[in-house]
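Below: one structure, written as structure tokens.
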């Protein structure tokens, strides 16, 4: 089947009359009646210019001027949009690249790599790109499928990873590589992320996904970093390689993406890299954390530059060609970047739903053009976004080193507005800020509360000191520390937190990590039997809202 991306090249621009539209429909095999003479046409042609494609589902409202003039005018305005968004948001640094007609036509560097040093961002500065890794990883899979036709997006992961298990035997044996990349296996949103925050590696996390209760298979969309990582790990295993080696061999090296890596150590080793900045208060960004996403590398662990991402965008927009030669088979590439599941249901009849492919959002602009996009975000200090408009041979990416408040998305959309309409449809900085603001809010059942006056523990500290276990989280050690209690989790006990009095056997602790912004607070509820403490529930770790029954994963049983 000829791909949509390929067919865009023969699109003609026309102020289409009703007769021309009818001809296009007939050419596509559509008819309005079963026989007889055609009815009378409209008294006058429509006044809205239409770009007519080879098939009706490629038709779109025409640009306000010709393509080249529209892009040139938008590029002139782009630096102003970037500077405005950064000034209003106080995001420290940014990198931008635009691809048009398979060439990089704009690169820009703004702001600083680190607010404490004031070192400026340049075109070679490497940024963590977070979940923008997903569509790039999908492209790596498409290349693997090109090289090995025995594999496909429909290959069951269990065939490639026989020891891998999910929480439902049917899902274990039937879920495909595509299912994992489309977030439709039922792994609830965030499944496995809690283990990553504690310091567990990829092997441990994938081996423990089987303990997570699942949402309905293939009928629900649940955004899962470690679901997608599972699909990628399966293809790497089929090649007898690590994912890191697979990514380098199949994509980074052939495209000359020399500043792109999937390992955090290589990112930190780069002398020119952007420091992550968390957000405190009202747009106060500080370099407080170092986010190591190696465990979920296919889903969020890449680092790159805007110029390297531009090389990837150019290849995708060229329908899998690189330097004018076939590189990736258009079939698995188009399948990856086609709608596979609804990821944003409309809540009113006049709203457009959103869709997800295999690692990318598949949507449409106001005028009807397909827009492929993905954002990346770490609350510890990264915000990125990429947008591709295939029929215009156009792509833009924005990388920033500030916690997500919508700056990359706003810049991308402002640029596309200028290209397609010659004006701004709304204030995108405010619009995306409102949408992403909740990602920076503290979490936990006690967040925003203060301990009751005179809060004390129900018993002496010795009541609670001991070792507790969970099949999912492993060992929790509670010790006396600095006159109070301290908990320790993770493979080496390196995730530590103070446990403070709240009300009797219900105490409080501050979860930390990527999924717990500054100010998060949760309860630790100790259980007793016969007067002795027998277990504890760490509420923050106890379950996922996407499944009907809280998993109880955060329930720890005392040993001995």
(request) State the Cα centre-to-centre distance between the range 307-326 and the range 176-201 in whole Å. (result) 29 Å
(request) Report, in deg cm²/dmol and to the nearest 500, the calculated mean residue ellipticity at 222 nm for the chain, where each DSSP H run with n ≥ 4 adds -39500 (n - 2.57) and the sum is divided by the residue count. (result) -7500 deg cm²/dmol
(request) Kindly put 315, 457, 302, 507 in sequence by how many other C-beta atoms sit within 10 Å of each C-beta, fewest to most. (result) 457, 315, 507, 302
(request) Would you mind classifying the range 292-394 by shape? Square roots of the alpha carbon gyration tensor eigenvalues, ordered a ≥ b ≥ c; an a/c under 1.5 is rounded, otherwise it is prolate if a/b is larger than b/c and oblate if not. (result) oblate
(request) Mind pulling the angle between the C-alpha long axis of helix 18-27 and the longest principal axis of the chain? Nearest 10 degrees, somewhere in 0 to 90. (result) 70 degrees
(request) Going by C-beta contacts inside 10 Å, put 248, 77 in order with the fewest on the left. (result) 77, 248
(message) Just to verify a number: FRET efficiency for residue 351 and residue 55, C-beta to C-beta distance, R0 = 22 Å, to 0.05?
(response) 0.35
(request) At 0.36 nm per residue, minus the direct Cα-Cα distance, what do residue 245 and residue 210 gain on full extension? Give it in nm, one decimal, please. (result) 9.9 nm
(message) If neighbour count is taken as other Cβ atoms inside 10 Å, put 520, 133 in order from fewest to most.
(response) 520, 133
(request) Could you grab the relative contact order for the range 461-558? Cα pairs under 8 Å, six or more apart, rounded to a whole percent. (result) 22 percent
(request) With a ≥ b ≥ c taken as the square roots of the eigenvalues of the C-alpha gyration tensor of the range 149-238, please select rounded if a/c is under 1.5 and otherwise prolate if a/b is larger than b/c or oblate if it is not? (result) oblate
(message) Between residue 481 and residue 430, what is 0.36 nm times their sequence separation minus the Cα-Cα distance? Round to one decimal in nm.
(response) 13.8 nm
(message) Just to be sure I understand the model, the point goes 7 Å from the Cα along the line to the Cβ. What's the resulting residue 443 to residue 117 distance in nm?
(response) 3.1 nm
(request) When a/c is below 1.5 the answer is rounded, else prolate if a/b is larger than b/c, else oblate, so apply that to the range 461-558 with a ≥ b ≥ c taken from the square roots of the Cα gyration tensor eigenvalues. (result) rounded
(request) Evaluate the distance, in nm, between pseudo-label points positioned 7 Å from the Cα of residue 342 and of residue 150 along their respective Cα→Cβ axes. (result) 3.9 nm
(request) In whole Å, largest first, what are the principal axis extents of the Cα atoms in the range 335-464? (result) 69, 29, 29
(message) Suppose a student asked you for the relative contact order of the chain, using Cα pairs under 8 Å spaced at least 6 residues apart; what percent would you report?
(response) 16 percent
(request) For the chain, find the longest principal axis of its Cα atoms and tell me its angle to the long axis of helix 225-238, 0 to 90°, nearest 10. (result) 70 degrees
(message) On C-alpha positions alone, give me the angle between the axis of helix 306-317 and the longest principal axis of the chain, in degrees, nearest 10.
(response) 50 degrees
(message) So if I take the centroid of the Cα atoms in the range 426-488 and the same for the range 45-107, what is the distance between those two points in Å?
(response) 44 Å
(message) Report the gain in length on full extension from residue 323 to residue 294: 0.36 nm times residue separation, minus Cα-Cα distance, nm rounded to one decimal.
(response) 7.3 nm
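Each value in this text was obtained by applying a stated rule to the coordinates, not by laboratory testing. Please read these numbers as outputs of a predicted model, since none were measured by experiment. Cβ: placed from backbone, ideal geometry, glycine included. Neighbour counts: every protein chain shown.
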